[in-house]
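One structure below.
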Amino acid sequence: MTLQEEKKALRRAIKQQTAALSTEEMACQAAEVFAAIERLPEFAAASTVGLFWSLPDELPTHDIVRRWAAAGKRIALPVTEGVEMIFREFHPEAGLKPGAFGIAEPDTAQIFAPEEFDLLIVPGVAFTADGCRMGRGKGFYDRYLPCCRALTIGVCLRHQLVAGLPCEAHDYRLDRVVCATNTKG
């Protein structure tokens, strides 16, 4: 099996496991993950945080995006432009518009440079405890993250934390991974 076939099979298996979770279980795991992040000193010190507006098969982030913005954090969400990704500021009152790949994007003009983030929360299909990440295969984060000086934290559902991943030289390793551990199910 080639590396690409191995990644495709793992993505398919993770997607099936995620589809089997209830909305309540996903919300429970998300609450645990984001509570752990909120306890970090780096989170307390961060003023500008990069997040993502989750898709149905990702750790739910919609509530946390709104809550952290209401608490005074400057929140930025990714926007794809061709093969590149940028981050625009999230303002609850400005709303979101449909973007590439069915992902909602901020409808604001403010763009953040990679070096402006204090903390960057990163999605993925699967992670290892030591920061290896497998995304959806388009490479947006792998191209963006090397320009960041921020603490990078991968967030995931419990079954998305795996023992090993087929990583390549261009796959960006995250500083930390936070995963739910004490959930029911």
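The values are calculated or read from the model by the stated rules, or taken from the named source; none is laboratory data. Remember, predicted model here, so these are calculated numbers, not experimental data. Here the Cβ is made from the backbone with ideal geometry for all residues, glycine too, and neighbour counts use every protein chain on show.
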Quick check: is even one residue across region 25-46 surrounded by fewer than 16 Cβ atoms within 10 Å (Cβ to Cβ), part of a loop (DSSP other than H, G, I, E, B) and modelled with pLDDT of 95 or more?
yes
What is the residue count in region 12-24 for residues that are touching a residue at least 60 places away in the same chain (Cβ under 8 Å), part of a helix (DSSP H, G or I) and either buried (at least 16 other Cβ atoms within 10 Å of the Cβ) or of a type in the set (A, V, I, L, M) (or both)?
2
Within the bounds of region 126-146, is there any residue that is in contact with a His (Cβ under 6 Å, 6 or more places away or on another chain) and either closer than 30 Å to THR23 by Cα or without any contact (Cβ under 8 Å) to a residue 60 or more places away in the chain (or both)?
yes
Just to verify a result, which residue in region 135-164, among those that are over 23 Å from PRO41 (Cα atoms) and small (Gly, Ala, Ser), is surrounded by the fewest Cβ atoms within 10 Å (Cβ to Cβ)?
ALA163
Members of region 113-125 that are part of a loop (DSSP other than H, G, I, E, B) and within 19 Å of THR18 (Cβ to Cβ)
PRO123, GLY124, VAL125
